[in-house]
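These notes concern the structure reproduced below.
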Amino acid sequence: MASSEQPRTQWLGRWGFMLAATGSAVGLGNIWKFPYITGEFGGGAFVLVYLACIFAVGVPVMMTEIAFGRRGQGSPVDAIRRVVNASGRSSAWSLIGWMAMLCGFMILSFYVVVAGWSFSYLWKMLAGGLSGSSVDDMAAVFGANNANPLNLGFWSTLVTLLTMLIVGKGVQEGIEKSVSWMMPGLVIMLVILIGFGMFSGGFGAAVSFLFSFNAGSLSSEGLLAALGHAFFTLSLASGAILTYGSYLPKGASIGRTTVSVAVADTVVALMAGLAIFPVIFANGMNPGEGPGLIFMSLPLAFQAMPLGTLFGILFFLMLSMAALTSSISMVEATISWLCDNKGISRPAASWGTGIVLWLISTLAMLSFNLGAEWTLGGKNFFDWLDYLTSRWMMPLGGLGTVVLAGFVLKSDTFREELGLAPLPYALWLTMVRYVSPLGIVVIFVDALGVYQV
Ligand code: PHE
Ligand code: NA
């Protein structure tokens, strides 16, 4: 293992890591997934539980993952093994790392399909193919875009190629720069959309849908979905944040960095909600429409607003960029593992991984056309990838991570690595020992009660 002798590449300080981690966190999860699952699970109560999960589970888990990565200097598998071995514990704990790596890969397999939607809508905006005057017209455009496997496959293949191309080029190049203009750009687009929404006649309904809390309106499944989405949106338990953490220089503050990333991610998600739901209510659309929600609603807004085509182009451009800065983080764990353990070059690891990814993502893509009928328990292949990762693998991986950090390892490991003052450290420890695991277990037990009937 000669490569482990060499110092690992590092981000250009805390700021470089911040940009990359924010780029990973902010993506389709915020703008595509958050609104549509909020719509499916009924709004306010779901949003509240999601916010609670972000801060009670997501933030402590993110700090722990970054600390694991930086302490163990490697992919999730290697980093966790090194850290547990240093505490004299069994290498079997690195199973958490294997699951994370698999999870990142599974997420990417369906993520490229959704990113493909974004790219194809960018193209439609440019080519003038997004006209229609009603929700039904837009639903027809979305349906037609999905119906042809060659068309949809072209876009998901393009995303796969771009992802592996960027990843093959290395850790830093390009990522930091693109995030530093893409993030402000995305926020400006959302501000414009929210401003438009205020005059659309649906704003009041949107605000009350998102923020009025009806106790008892959230199902057990909704609870689990909120927890799972907290992991998904912060890129946790999928190898992304842990591996990025392995490139973070010693001395950079993990706590402050984590809080900034979590806040930025949450702000973008809530802004997306405020941008999208007014359009939905103003057009009498069903909030529970499903994965096509933003693609059926936002084009209507762009058509109705002044300079709409320009804003629409910019919006889908930013969304596609945001998707890419997330997608590259999902394979980083696998690539880093291959490079460290198999002695192959970064480009070779990327192309090899890309081929496997392409095969699996093609199956996910077919869920919208040829393979729509290939279902199991009412879910197609695309649904299964999403369901298994968000509802089960990520919360379980997160549980393993906090239990490991809170109870199993020598207590000075994380005290040193996190470098926190006594009070914040005690807070972190309370979270990883009691609050986060209890939250996860309670939601799991609740969900199992439902799934067993
Ligand atoms: N956090 C990303 C998003 O919200 C998705 C993601 C999940 C990225 C897992 C990396 C790992 O779009
Ligand atoms: Na996110």
By what distance, in whole Å, do the Cα atoms of segment 12-452 stretch along each of the three principal axes, largest value first? 65, 51, 43
Probe of 1.4 angstrom, ligands and nucleic acids ignored: what's the accessible area per residue over segment 21-74, in square angstrom? 16
The chain: angle of helix 220-233 to the longest principal axis, Cα-based, in degrees nearest 10: 70
Find, to one decimal place in angstroms, the Kirkwood hydrodynamic radius of segment 1-99, where the mean of 1/r is taken over every pair of different Cα atoms and then inverted. 16.1
Order by protection proxy (mean Cβ within 10 Å, highest first), peptides 325-331, 258-264: 325-331, 258-264
Accessible area of segment 12-452 belonging to carbon and sulfur atoms, whole % at 1.4 Å probe: 69
Over the Cα atoms of segment 28-159, compute the convex hull volume and normalise it per residue, giving Å³. 155
27 Å Cα-Cα threshold exceeded, pairs from LYS169/LYS342; LYS342/LYS410; LYS124/LYS379; LYS177/LYS379; LYS177/LYS250: LYS342/LYS410; LYS124/LYS379; LYS177/LYS379
Cβ-Cβ FRET estimate between VAL435 and LYS250, R0 fixed at 35 Å, reported to 0.05: 0.80
Using per-residue counts of other Cβ atoms within 10 Å, averaged over each peptide, order 303-316, 237-250, 151-164 from highest down. 237-250, 151-164, 303-316
Cα long-axis angle, helix 149-169 against the chain (0 to 90 degrees, to the nearest 10): 30
Taking all protein chains together and a probe of 1.4 Å, list ILE188, ILE80 from the most accessible to the least accessible. ILE188, ILE80
Relative to the longest principal axis of the C-alpha atoms of the chain, give the angle of the C-alpha long axis of helix 135-147, reported between 0 and 90° and rounded to the nearest 10°. 60
Report the full-extension gain for the segment SER134 to ILE355: residue separation times 0.36 nm, less the Cα-Cα distance, to one decimal in nm. 75.6 nm
Only Cα pairs under 8 Å and at least 6 apart count here; give the relative contact order of segment 12-452 as a rounded whole percent. 36
Cut-off 20 Å, label 7 Å out along Cα→Cβ of ASN151, residues of segment 330-374 by amide N: 362-373
Could I have the simple spin-label model distance between VAL267 and ARG346, label points 7 Å from Cα toward Cβ, reported in nm to one decimal? 3.0
Could you pull out every one of the aspartates and glutamates with an alpha carbon less than 20 Å from that of LYS33, ignoring same-chain neighbours closer than 8 positions? GLU221, ASP265, GLU289, ASP383, ASP386
How high is the FRET efficiency from ALA92 to GLU373, r the C-beta distance, R0 56 Å, rounded to 0.05? 0.90
Do the sum for the chain: with -39,500 (n - 2.57) for every DSSP H run of n ≥ 4, divided by all residues, what is the mean residue ellipticity at 222 nm, to the nearest 500 deg cm²/dmol? -23500 deg cm²/dmol
Normalising by the residue count of segment 229-344, find the relative contact order in percent from Cα pairs under 8 Å and 6+ residues apart. 35
Pairwise label distance in nanometres, ALA215 with ALA52, each label 7 Å out on the Cα-Cβ vector: 1.1
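The values are calculated or read from the model by the stated rules, or taken from the named source; none is laboratory data. Nothing here was measured: the structure is a model prediction, and the numbers come from that model. Every residue, glycine among them, receives a Cβ derived from its backbone with ideal geometry; neighbour counts consider all protein chains shown. Just the protein is used for accessible areas: all its heavy atoms, side chains included, with ligands, DNA and RNA removed. Shrake-Rupley method; radii C 1.70, N 1.55, O 1.52, S 1.80 Å.
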